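To start, the structure itself, in structure tokens.
The values are calculated or read from the model by the stated rules, or taken from the named source; none is laboratory data. Quantities reported herein were computed from a predicted structural model and do not represent experimental measurements. Ideal geometry is used to build each Cβ from the backbone, glycine not excepted, and the neighbour counts take in all protein chains shown.
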Amino acid sequence: MSKSKTILPIIVISQFCCTSLWFAGNGVMNNLLETFNLQENTLGYLTSAVQFGFIIGTLVFALLSISDRFSPSKVFFVSAILGALFNLGFISENQNLFSLISLRFFTGFFLAGIYPVGMKIATDYYQKGLGKSLGYLVGALVLGTALPHLLKDILINFSWKSVLITTSSLSVFGGLLMITFVKNGPYRRASNTLDLSICINVFRDVNFRKAAFGYFGHMWELYAFWAFIPILLIKYQELHSQIVFNIAILSFSIIAIGSLSCVIGGYLSQKFNIKKTAFSFLLLSCFCCLISPLMFQIENGNLFITFLLFWGMFVIADSPLFSTLVAQNAPPKDKGTALTIVNCIGFSITIISIQILSSLVNFTNSNLIFLVLAVGPIIGLFSLRKKLN
């Protein structure tokens, strides 16, 4: 096996292990509410705290061009260790809402040195077939994000703290794997100077802007959907009292199935135009948003789960394709910074959609509120309506 073929599985495994930190708090949310006597709207706050930490982290990493000026593997390793430590802080006694939000914030901050930096490492190794490579990488992110829900079910006979210990241990392992086996890639173009204007200048390219705004529309929907999957399932149960779901397993499955569609999308992008493939997935995801209120009214639990599984596939399948378009339309020496600043803006948007949806859930019982998720895909589709050069 050639070195390039060995490197991708290592990057994928490392990404999977480290991104398990992302929804670790969501996986044990009910336990946190009971243990620390928190209000139900804590879900929105803790999820947004991770996103906000990631935003600040990506902003700092982008402005300082961290992944372009320093070895990306070393940046990944340090971030994985520090992210694991802050995630592990959740098991401490006598927590309150402020301390929990702070721990989630710093976990998110160091995820900024994991997810976009992992993509940067992949772009340093792969130019041909980049969409396929990033498909595997984002697929790993999806599995890592879903993992805490599965761990919650597997470790049901153990303390909820075991979920946090496991995800932190995985992050340390992923960081060690990256620093040990993945060196600087052959296509890496290091930047030796600090240029704060890069974050603005990359948007002057019209094709970069189109790809970025497509990604922004996708992000409006993605994390709000992921965060509220348990709520979607619970609301359906309340409407149809005879139906009982295993919330943890179904939440894992609905998120995790997206890893399959990321890989499939990567292969489809090699056969078809990358932009057209991304547009098609975003359109299908938008359609799921629009028909979601109708699906709540159909008294068929299997059909509802099938619908959510399809939504779980379409909502993430375009993500690696948008990242590929962003990387392809960024200057080679600034790819890391370009990917990071686009991630920063994209995740800033997720906070807005999560908080709006959280407020609507608390304000009304109407299932029409999930139509708000369609706003992002519509804007993204509008941005992509013209051909990329």
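Look at the stretch 266-295: where a residue is free of Cβ contacts under 8 Å to residues at least 12 places away in the same chain and a partner is assigned to a helix (DSSP H, G or I), sitting 6+ places away or on another chain with Cβ atoms under 6 Å, you get LEU268/THR277.
In the set GLY113, GLY174, which member is at pLDDT 90 or above, within 30 Å of LEU309 (Cβ to Cβ), surrounded by 24 or more Cβ atoms within 10 Å (Cβ to Cβ) and in contact with a helix residue (DSSP H, G or I) (Cβ under 8 Å, 6 or more places away or on another chain)? Step by step, each of GLY113, GLY174 is checked, and only GLY174 is at pLDDT 90 or above, within 30 Å of LEU309 (Cβ to Cβ), surrounded by 24 or more Cβ atoms within 10 Å (Cβ to Cβ) and in contact with a helix residue (DSSP H, G or I) (Cβ under 8 Å, 6 or more places away or on another chain).
Reported count of residues in the stretch 206-252, each being aliphatic (A, V, I, L, M) and closer than 30 Å to LEU339 by Cβ, is 8.
The residues listed here are ASP153, ASP68; of these, the one that is more than 19 Å from the chain's Cα centre (by Cα), buried (at least 24 other Cβ atoms within 10 Å of the Cβ) and at pLDDT below 85 is ASP68. Taken over the stretch 236-249, the criterion of being surrounded by fewer than 20 Cβ atoms within 10 Å (Cβ to Cβ) and under 19 Å from CYS288 (Cβ atoms) is satisfied by LEU239, PHE245. Just to be sure before I move on: is SER253 out of contact with any helix residue (DSSP H, G or I) (no Cβ under 6 Å at 6 or more places or on another chain), farther than 26 Å from TYR126 by Cβ and polar (S, T, N, Q) in the structure I sent? Here the answer is yes, as SER253 does meet what is asked. Residues being surrounded by 17 or more Cβ atoms within 10 Å (Cβ to Cβ), free of Cβ contacts under 8 Å to residues at least 60 places away in the same chain, closer than 28 Å to ILE198 by Cα and among the β-branched types (Val, Ile, Thr) are entirely absent from the stretch 34-53.
For the stretch 204-231, the set of residues classified as buried (at least 22 other Cβ atoms within 10 Å of the Cβ) and either in contact with a strand residue (DSSP E or B) (Cβ under 9 Å, 6 or more places away or on another chain) or farther than 18 Å from THR324 by Cα (or both) consists of TRP220, GLU221, TYR223, ALA224, PHE225, TRP226, ALA227, PHE228, ILE229, listed by residue number. Annotation: of all residues in the stretch 92-126 being among the hydrophobic types (A, V, I, L, M, F, W, C) and part of a loop (DSSP other than H, G, I, E, B), the one that is nearest to PHE52 (Cα to Cα) is ALA112. Residues being among the aliphatic types (A, V, I, L, M) and within 16 Å of GLN15 (Cα to Cα) are represented in the stretch 121-133 by at least one member. Looking across the stretch 337-352 at every residue that is over 12 Å from the mean Cα position of the chain (by Cα) and among the small types (Gly, Ala, Ser), the one that is surrounded by the most Cβ atoms within 10 Å (Cβ to Cβ) is identified as ALA338.
Yes or no, residue by residue, for (1) within 23 Å of GLN328 (Cβ to Cβ); (2) in contact with a strand residue (DSSP E or B) (Cβ under 6 Å, 6 or more places away or on another chain); (3) modelled with pLDDT of 90 or more; (4) not β-branched (Val, Ile, Thr):
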| site | (1), (2), (3), (4) |
| --- | --- |
| GLN270 | yes, no, no, yes |
| PHE310 | no, no, yes, yes |
| MET313 | no, no, yes, yes |
| ILE316 | yes, no, yes, no |
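The set of residues from the stretch 58-91 being outside any helix (DSSP H, G or I), in contact (Cβ under 8 Å) with a residue 40 or more places away in the chain and within 23 Å of ILE13 (Cβ to Cβ) comprises just one member, SER71. Go through the stretch 301-389 and tell me which helices (runs of 4 or more DSSP H), entirely inside it, have 1 or more residues that are more than 18 Å from LYS275 (Cβ to Cβ), touching a Leu at 6+ places or on another chain (Cβ under 7 Å) and touching a residue at least 40 places away in the same chain (Cβ under 8 Å). Where helices (runs of 4 or more DSSP H) fall fully within the stretch 301-389 and carry at least 1 residues being more than 18 Å from LYS275 (Cβ to Cβ), touching a Leu at 6+ places or on another chain (Cβ under 7 Å) and touching a residue at least 40 places away in the same chain (Cβ under 8 Å), they are 301-317, 335-363.
Annotation note: of LEU64, LEU97, the sole residue that is touching a Leu at 6+ places or on another chain (Cβ under 8 Å), farther than 19 Å from TRP22 by Cα and among the aliphatic types (A, V, I, L, M) is LEU64.
If only residues of the stretch 28-51 that are hydrophobic (A, V, I, L, M, F, W, C) and within 12 Å of LEU103 (Cα to Cα) are counted, the one that is modelled with the lowest pLDDT is LEU46.
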